[in-house]
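The values are calculated or read from the model by the stated rules, or taken from the named source; none is laboratory data. Values in this document were obtained by computation on a predicted structure and should not be read as measured data. Don't worry about glycine lacking a Cβ; one is built from the backbone with ideal geometry, like all the others, and counts go over all protein chains shown.
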Amino acid sequence: MAAIHLLPSILTADFGRLAASIAEAEAAGVDGFHLDVMDGMFVPNITFGVSTIEAVRQATALPLDVHLMVEEPLRLLPAFLSTGVEMVTVHVEACRDPYRAVDDIRHADCLAGIALNPGTSPEAVRELLPYVDRVLVMTVPPGFGGAPFIAGSPARIRRLGSLIAAAELEAPPTIQVDGGVDASTIRAVVDSGAHYVVAGSSIYNAHRSVADNVAILREALA
């Protein structure tokens, strides 16, 4: 099995001790951090903005992946691209011009991702595949941490993988999965073709330490 990159979502971390929460995950061997920005319009919730991302950047040198769950992300891209993150992902459903969005991201020397909501067919990003570095498949309804994994998600991941393979690209995009990932679902998404896995409440929770939770997820893939 190829190396699987595990990215904690900080949504369920303790924001009162954010730097410590990040350090705990880093010490546990995670591969980066996933930062969900929500505007209360594209999704119901509101989370955080540039200042929080800058604080996370100061707390870790691991790769940061900003997931913009916002309407018309083009208007906000310059602010988020200035924070020193490695990757910015926008939703195909939110962009009037997704080609310009991913072009702006790449011109800022960031990796560009395109995200798909659960109700969006993988075919919606077929023409974008040559221009993005990663495709993010949402496996829960967007906007709420801790939602249950959607059972039909592995089939959508496999379909996306087939589209990527059929495109025969020199540098094909990787697949990332976000939503409901825990020890009971991580194997299914990886076996379906995911290379990057976002986990929130299965890493940051009151039941076990971050180190134990990361180890449980890794063991589920062993």
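Quick notes on this structure:
- Taking each residue of the range 107-126 that is touching a residue at least 12 places away in the same chain (Cβ under 8 Å) and looking for partners that are of a type in the set (Ser, Thr, Tyr) with beta-carbon atoms closer than 6 Å, six or more apart or interchain, yields 113/89; 115/89.
- Just one of the numbered conditions (1) surrounded by fewer than 22 Cβ atoms within 10 Å (Cβ to Cβ); (2) among the small types (Gly, Ala, Ser); (3) at pLDDT 95 or above is not true of residue 146: (3).
- Number of the condition not met by residue 78 [criteria: (1) assigned to a helix (DSSP H, G or I); (2) over 16 Å from the mean Cα position of the chain (by Cα); (3) farther than 15 Å from residue 108 by Cβ]: (3)
- Here the range 1-30 is the region considered, the condition is being loosely packed, with under 12 Cβ neighbours inside 10 Å and small (Gly, Ala, Ser), and the residue that is farthest from the chain's Cα centre (by Cα) is 16.
- One residue from 199, 206, 166 being closer than 21 Å to residue 134 by Cα, free of Cβ contacts under 8 Å to residues at least 24 places away in the same chain and aliphatic (A, V, I, L, M): 166
- Among the numbered conditions (1) surrounded by 15 or more Cβ atoms within 10 Å (Cβ to Cβ); (2) touching a Leu at 6+ places or on another chain (Cβ under 9 Å), the only one that residue 159 does not meet is (2).
- In a residue-by-residue description of the range 89-101, the property of being outside any helix (DSSP H, G or I), surrounded by fewer than 17 Cβ atoms within 10 Å (Cβ to Cβ) and of a type in the set (Phe, Trp, Tyr) applies to no position.
- Taken together, 214, 189, 210 contain a single residue that is crowded, with 19+ Cβ neighbours inside 10 Å and under 18 Å from residue 147 (Cα atoms), which is 189.
- Within the option set 164, 157, 175, being over 16 Å from the mean Cα position of the chain (by Cα), among the hydrophobic types (A, V, I, L, M, F, W, C), at pLDDT 95 or above and under 17 Å from residue 115 (Cα atoms) holds for one residue only, 164.
- Count - residues of the range 41-75 that are in a strand (DSSP E or B) and either surrounded by fewer than 16 Cβ atoms within 10 Å (Cβ to Cβ) or not aliphatic (A, V, I, L, M) (or both): 3
- Considering the range 116-131, the residues that are surrounded by 19 or more Cβ atoms within 10 Å (Cβ to Cβ) and in contact with a Lys or Arg (Cβ under 9 Å, 6 or more places away or on another chain) include one that is nearest to residue 178 (Cα to Cα), namely 116.
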